[in-house]
Amino acid sequence: MALSSSLKNVATGSFNETQVDQDVFVLTYQNETAVKQVVERYIDSSFIQFHFCLKGKSDFIFNNGTYTLNIAEETSLLLYNPQRDLPIHLEVAPDCWLVSVLISIKKFHGLFSQEADYITFLSEDNKDKKYYKDGKISPSMAIALNQIINYNLNSSIKTLYFKGKAYELLSLYFNRGEDANIEQCPFLVDETNVAKIKKAKDIIIARLSEPPTLQELSEEINLPLKKLKEGFKQIYGDSVFSFLFDYKMEVARKLLETGNNNVNEVGLKVGYSTSSHFIAAFKKKYGITPKKYVQSI
C-alpha cells in the first residue's frame, strides 16, 4: 500500500484518519489545547494533498525545517511533487481545526477523465512540475468541512458520509469559473486535452468514409496540431490515421461477415472509392483478400 497507515505522534497531536475509498483518505485534526502541537503523517509522491484550515493557523515544515508553508484560517493548500515524497509535518497553533484529503494521482485523474486507465497522468510538460497552491475556502466548502469536523451520526455510516464529503470538497474546490481546471491545477489541463482528443477520435470514427485532415481536425477540436498528434498517440497508442485505418478494417471485416454487402459496397462504406484500393488495404491488414476472407467464414 502506497500510504502507510501508521501515524507518528509527536507531542500530543495526531490525525483522526478515515480511508473512504481506494487511495482516498480524509484526515482531521483539532488542537484544542493552549500550546502549539506537531502532527506528522508519511505520504509518498504518488499522492496529491488538499489541506483546509477552518480556523486558527498551521505551518507545513519541509526539509527538516529549511522551508515552511503557512496555512491560515479559512484558506486551503494543494501540495504535489511528483519527484519526491511530501510527508506531512505540521506545527499546529492552539485552537486550530484542519481537514485534509489525500488522493492518489491515478484516482484523482479518474475523477476527471474516463480515459484514466489508458493514459499517463503526467504529460512531458508536467512530469517534473512541483505544485503548491493556496486559496480561500468558499462558504459552501466551509459547510462541508464543518460537517466533517462535527460529525455525530452513526459510526457505521462514517466512511460513506466522509466519502461523499471528500468528493464534494474536490468538486467545490475546482468549481471556480469556466477556466477553473486550468487556473487551479496545471495537471487538469491534461484532462481538458484528453477530452479534446477523445472528441477527435469520435469525429474520425463518425466520418470514417470522409475523415477531416489533421489540420482540420486540430482546428475543430481547438487543440494545436502537435498536441493532437502527441496526445492521440499517448492515449490510443497510435497515430490518428493508423488508428483510423485499423478501425476501418475492423468495420469492413464485420460488414463482410454479415454477408449483406459485396466487397465493393463494403469498400465504399469505409471510405475507399475503388475496390482495388480497398482490397489492397484489407490484404495489408489481414494478409488475405476480402473475397477469400468471406470464403473462409
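Pairs linking a residue in the stretch 13-33 that is under 18 Å from residue 97 (Cβ atoms) and part of a strand (DSSP E or B) to a residue that is among the acidic types (Asp, Glu) and at pLDDT below 95, with Cβ atoms under 9 Å and 6 or more positions apart or on different chains, are 25/17; 26/17; 27/17; 28/17; 30/95; 31/95. Restricting attention to the stretch 200-208, does a residue exist that is touching a residue at least 60 places away in the same chain (Cβ under 8 Å) and more than 26 Å from residue 296 (Cα to Cα)? Scanning the stretch 200-208 turns up at least one residue that is touching a residue at least 60 places away in the same chain (Cβ under 8 Å) and more than 26 Å from residue 296 (Cα to Cα).
Of the strands (runs of 3 or more DSSP E) lying entirely inside the stretch 58-159, those containing at least 2 residues that are modelled with pLDDT of 80 or more and crowded, with 17+ Cβ neighbours inside 10 Å span 58-62, 75-80, 88-92, 96-104.
Within the stretch 27-54, the set of residues being hydrophobic (A, V, I, L, M, F, W, C) and within 25 Å of the chain's Cα centre (by Cα) comprises 27, 43, 47, 48, 50, 52, 53. Just one of (1) among the small types (Gly, Ala, Ser); (2) crowded, with 18+ Cβ neighbours inside 10 Å; (3) assigned to a helix (DSSP H, G or I) fails for residue 276. It is (2). Once the stretch 26-43 is narrowed to residues that are touching a Lys or Arg at 6+ places or on another chain (Cβ under 9 Å), more than 21 Å from residue 136 (Cα to Cα) and not β-branched (Val, Ile, Thr), the residue that is surrounded by the fewest Cβ atoms within 10 Å (Cβ to Cβ) is 42.
For the stretch 11-40, enumerate the residues that are in contact with a Leu (Cβ under 6 Å, 6 or more places away or on another chain) and not acidic (Asp, Glu). Spell out how you get there, then give the answer.
Narrowing the stretch 11-40 to residues in contact with a Leu (Cβ under 6 Å, 6 or more places away or on another chain): 14-15, 17, 25, 29, 39.
Across the stretch 11-40, the qualifying residues are 14, 15, 25, 29, 39.
Taking the criterion of being surrounded by 15 or more Cβ atoms within 10 Å (Cβ to Cβ), small (Gly, Ala, Ser) and without any contact (Cβ under 8 Å) to a residue 60 or more places away in the chain, the only residue of the stretch 44-57 that qualifies is 56.
Filtering 211, 224 for residues that are surrounded by fewer than 16 Cβ atoms within 10 Å (Cβ to Cβ) and either of a type in the set (Lys, Arg) or outside the structural domain of residue 174 (by TED's automatic domain parsing) (or both) leaves a single hit, 224.
The values are calculated or read from the model by the stated rules, or taken from the named source; none is laboratory data. Because the structure is a prediction, the values reported are computed rather than measured. Cβ sites come from the backbone with ideal geometry, for glycine too, and all protein chains shown count toward neighbours.
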